[in-house]
Amino acid sequence: MLDIENSALIDLIRNERAADNATLAKHLDEVAEECESSGKSALEVIVNFGLFSRQEVLEMMAASLATYIWNPKAKDLPREIIKLLDVDTARTYGVIPLEDDGDTLQMAMRRPLDFQSQESLRFIIGRNIMPVICDPDQFESELDRYYPEKEDTVDDIVAELGEMEVEEDDVADEDKANEMPIVKFVDVIIHQAIKDKASDIHFEPFEKNFRIRYRVDGALYEMPEPPRSLATPVISRIKIISGLNISERRRPQDGRIQLKYNGRPVDLRVSCLPTSHGESVVLRVLDRTVVNLELDSLGIGTDVLEKLREIIHLPNGILLVTGPTGSGKTTTLYSALSEINVIEDKILTAEDPVEYDIEGLIQCPINDAVGMTFQKALRAFLRQDPDRILVGEIRDFETAQIAIEASLTGHFVFSTLHTNDAASTITRLMDMGVEPFLIASSLAGVLGQRLIRRVCPQCKTFYTPTDEDLDRLNLERAQVEGKQFCYGRGCELCSNTGYKGRKALTELMIINDTLRDMIADSTPANILGAKACEFGMRTLREDGLLAIFNGETTVDEVVRYT
């Protein structure tokens, strides 16, 4: 469903400029579709499509409302004007008061065409309102300047909510979900997660308690527990802001939230799952500023990185990145694509979903509901004259077959597969039904990957490994002579976890002529892996040992993931 503000802006331009222009009318329909599917603002999409400049759109909005465009740089606003609104009201409704003539308050607005919100605000402050246009990017920075966000902690909000009496209903109550304490609680939970660089937020209702957890650096941490009675309104609030049906509680739903945190855009993917005690909700936090899409930043060893770079610059072939869910496969592929993203090459990606928008890449979201599958996307890609193709995941024989066809016809294909190590990738492809000779002729390399936590640099402590440590790693004392292991004691920087950030453990199997012959002969995975090690492949366990010896991680992390 199209957002009220986006719909109003598209209608405004349609009425102003599209009456005698059939082409523009068609483009505006495309703008509406893009806004609905991507969640972007109509202003952003119109400018990206090249229909009008940003200034032209702002001028049309101002003319329609018989108002003006505010220039924040012209002069600072007086304190008495700013004091007319409290922080909560200004930030909730996205407004900045500019001038007061006693009867009407002129306000710069985040959503100047959303008249429903304006009516609510008019009722709250008891004054007439004159909306004023402001560039959206400038507006957000000025709102942060004049009405800085209160740094409420999760503990503070939970303490406040503990005093709030909420009766649980069988049906989600929209009124309760929109009450200020609930709105504030959800906002604080989300903002705290972004601040702590969490990758996921879990809302989990049980029979007698309501648990909220963050996943930071791959591990889940429990937050202060709110009263069980708040589970329904909190989850309903999340469903409202992600555009989901709050009355549907029997089926899984997926949604999306777009917001700005400290002036930067953050995307949240929402998944609702019905359980025996209510709906379990998980928010996937996609914050581009947290992810550094450079190969050098992934923590891959320099020798492996050098060989990986040689592979991704090949004119054709397939590179598969393998590992379990959450092992950083997509980030590695994005980083590889960012490195080879040059004007001379056309790069197409099919992803489920598109996690980060990268300038210069043609990115297509997979949507099985409308028949946009990996297979169909891949077939369409081959008619788009690409040089490089990313397939989010090879799930079945048909996708694998088309990917191989693409690689054999002069394209380089990147993709992922769920296997335990690099060598077993070959067996997995054969199990799908792919002929061994096709695998042998198309595969350029396989990168097995895991993500492990780094020891916090501030509280890192070195010690001599114990006999138990050596037993867990299957090492002899002579093999670690003169080496010290480390762990994190826990400090404020790492929230007393002992870990800060993550690095990749990798094993890169480069497919040379000998391995091609073995693959064509359907050689078992363990023999293939042993032969690859003879050619210099370092296994995940060996890479983990290297990370321990270099003081980057702990024995616990390496044993856990290898």
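Taking Gln401 and the conditions (1) among the polar types (S, T, N, Q); (2) outside any helix (DSSP H, G or I); (3) farther than 27 Å from Val304 by Cα, which numbered condition does it fall short on, given that it satisfies the others?
Failing condition for Gln401: (2).
Return a yes/no flag: does the stretch 445-466 have any residue that is free of Cβ contacts under 8 Å to residues at least 40 places away in the same chain and part of a helix (DSSP H, G or I).
For the stretch 445-466, residues free of Cβ contacts under 8 Å to residues at least 40 places away in the same chain and part of a helix (DSSP H, G or I): absent.
Only one of these conditions is not met by Leu105: (1) within 24 Å of Val57 (Cβ to Cβ); (2) of a type outside the set (Lys, Arg); (3) open to solvent by less than 20 Å² (accessible area, probe 1.4 Å). Which number is it?
(1)
Yes/no per residue for (1) within 30 Å of Lys184 (Cβ to Cβ); (2) out of contact with any Pro (no Cβ under 8 Å at 6 or more places or on another chain); (3) modelled with pLDDT under 90:
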residue: Ser37; (1), (2), (3): no, no, yes
residue: Val45; (1), (2), (3): no, yes, yes
residue: Met60; (1), (2), (3): no, yes, no
residue: Thr67; (1), (2), (3): no, no, no
residue: Trp70; (1), (2), (3): yes, yes, no
residue: Lys75; (1), (2), (3): no, yes, yes
residue: Arg79; (1), (2), (3): yes, yes, yes
residue: Val95; (1), (2), (3): yes, yes, no
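Of the residues in the stretch 1-37, how many are surrounded by fewer than 14 Cβ atoms within 10 Å (Cβ to Cβ) and either touching a strand residue (DSSP E or B) at 6+ places or on another chain (Cβ under 8 Å) or in a helix (DSSP H, G or I) (or both)?
9
Look through the stretch 339-380, keep the residues that are among the acidic types (Asp, Glu) and closer than 23 Å to Arg269 by Cβ, and return whichever of them is nearest to the chain's Cα centre (by Cα).
So, considering only residues that are among the acidic types (Asp, Glu) and closer than 23 Å to Arg269 by Cβ, the one nearest to the chain's Cα centre (by Cα) is Glu355.
When you scan the stretch 553-560, do you find a residue that is at pLDDT 90 or above, open to solvent by less than 50 Å² (accessible area, probe 1.4 Å) and of a type in the set (D, E, K, R), even just one?
Yes: the stretch 553-560 contains one or more residues that are at pLDDT 90 or above, open to solvent by less than 50 Å² (accessible area, probe 1.4 Å) and of a type in the set (D, E, K, R).
Please determine, by comparing only the residues of the stretch 414-427 that are buried (at least 19 other Cβ atoms within 10 Å of the Cβ) and not hydroxyl-bearing (Ser, Thr, Tyr), which one is farthest from Leu314 (Cα to Cα).
This residue is Asp421.
Which ones in the stretch 68-111 are assigned to a loop (DSSP other than H, G, I, E, B), touching a residue at least 60 places away in the same chain (Cβ under 8 Å) and either of a type outside the set (Ser, Thr, Tyr) or closer than 20 Å to Ile4 by Cα (or both)?
Once the filter is applied, which keeps residues that are assigned to a loop (DSSP other than H, G, I, E, B), touching a residue at least 60 places away in the same chain (Cβ under 8 Å) and either of a type outside the set (Ser, Thr, Tyr) or closer than 20 Å to Ile4 by Cα (or both), the stretch 68-111 yields Trp70, Pro72, Leu77, Leu85, Arg111.
Each row is one residue, and each column tells you yes or no for (1) more than 16 Å from Leu286 (Cα to Cα); (2) free of Cβ contacts under 8 Å to residues at least 24 places away in the same chain.
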site: Lys307; (1), (2): yes, no
site: Asn316; (1), (2): yes, no
site: Leu319; (1), (2): yes, no
site: Gly326; (1), (2): no, no
site: Thr331; (1), (2): no, no
site: Ser335; (1), (2): no, no
site: Asn341; (1), (2): yes, yes
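Taking only the stretch 38-67 into account, find how many residues are in a loop (DSSP other than H, G, I, E, B), over 21 Å from Ala108 (Cβ atoms) and aliphatic (A, V, I, L, M).
So the count comes out to 1.
Which residues, counting only those in the stretch 515-524, are buried (at least 17 other Cβ atoms within 10 Å of the Cβ) and not in a helix (DSSP H, G or I)?
Thr523
Would you mind finding the one in Ile238, Ile246 that is in a loop (DSSP other than H, G, I, E, B) and under 21 Å from Glu36 (Cβ atoms)?
Step by step, each of Ile238, Ile246 is checked, and only Ile246 is in a loop (DSSP other than H, G, I, E, B) and under 21 Å from Glu36 (Cβ atoms).
Considering only residues that are of a type outside the set (A, V, I, L, M, F, W, C), in contact (Cβ under 8 Å) with a residue 40 or more places away in the chain and not in a loop (DSSP other than H, G, I, E, B), which ones fall in the stretch 270-302?
Thr275, Gly278, Glu279, Ser280, Arg284
With respect to Ile343, determine if the residue is at pLDDT 85 or above, open to solvent by less than 30 Å² (accessible area, probe 1.4 Å) and on the phi < 0 side of the Ramachandran plot.
The answer is no for Ile343.
Name, by its number, the condition in (1) over 20 Å from the mean Cα position of the chain (by Cα); (2) open to solvent by 20 Å² or more (accessible area, probe 1.4 Å); (3) of a type outside the set (A, V, I, L, M) that does not hold for Arg256.
(1)
Take the residues in the stretch 443-481 that are under 20 Å from Gly529 (Cβ atoms) and within 31 Å of the chain's Cα centre (by Cα); name whichever of them is surrounded by the fewest Cβ atoms within 10 Å (Cβ to Cβ).
Ala444
Checking Arg110 against (1) within 23 Å of Lys184 (Cα to Cα); (2) of a type in the set (Lys, Arg); (3) over 25 Å from the mean Cα position of the chain (by Cα): exactly one of these is not met. Which one?
The failed condition is (3).
Within the stretch 482-514, work out how many residues are among the charged types (D, E, K, R), at pLDDT below 90 and buried (at least 17 other Cβ atoms within 10 Å of the Cβ).
Residues in the stretch 482-514 being among the charged types (D, E, K, R), at pLDDT below 90 and buried (at least 17 other Cβ atoms within 10 Å of the Cβ): 3 in total.
Run Gln384 past the list (1) open to solvent by 40 Å² or more (accessible area, probe 1.4 Å); (2) touching a Ser or Thr at 6+ places or on another chain (Cβ under 7 Å); (3) modelled with pLDDT of 90 or more and report the number of the one that doesn't hold.
Only one criterion in (1) open to solvent by 40 Å² or more (accessible area, probe 1.4 Å); (2) touching a Ser or Thr at 6+ places or on another chain (Cβ under 7 Å); (3) modelled with pLDDT of 90 or more is unmet by Gln384, namely (2).
Could you list all residues from the stretch 185-239 that are basic (Lys, Arg) and open to solvent by 50 Å² or more (accessible area, probe 1.4 Å)?
Selection gives Lys195, Lys197, Lys208, Arg211, Arg213, Arg215.
Which ones in the stretch 423-442 are within 19 Å of Ala530 (Cα to Cα) and of a type in the set (Gly, Ala, Ser)?
Once the filter is applied, which keeps residues that are within 19 Å of Ala530 (Cα to Cα) and of a type in the set (Gly, Ala, Ser), the stretch 423-442 yields Ala423, Ser424, Ala440.
Any residue that is in a loop (DSSP other than H, G, I, E, B) and either open to solvent by 70 Å² or more (accessible area, probe 1.4 Å) or aromatic (Phe, Trp, Tyr) (or both) - is there at least one of those in the stretch 368-381?
no
I'm told Asp267 meets every condition in (1) assigned to a strand (DSSP E or B); (2) under 19 Å from the mean Cα position of the chain (by Cα); (3) more than 24 Å from Ile366 (Cα to Cα); (4) not hydroxyl-bearing (Ser, Thr, Tyr) except one. Can you identify the failing condition by its number?
Failed condition: (3).
What is the number of the single condition among (1) touching a Phe, Trp or Tyr at 6+ places or on another chain (Cβ under 8 Å); (2) closer than 23 Å to Gln258 by Cα that Val57 does not meet?
(1)
The values are calculated or read from the model by the stated rules, or taken from the named source; none is laboratory data. Keep in mind that what you see is a predicted model, and the values were worked out from it rather than measured. Positions of Cβ are backbone-derived with ideal geometry, glycine not excepted, and every protein chain shown enters the neighbour counts. These area figures cover heavy atoms from the full protein model, side chains too; ligands, DNA and RNA do not enter into them. Shrake-Rupley method; radii C 1.70, N 1.55, O 1.52, S 1.80 Å.
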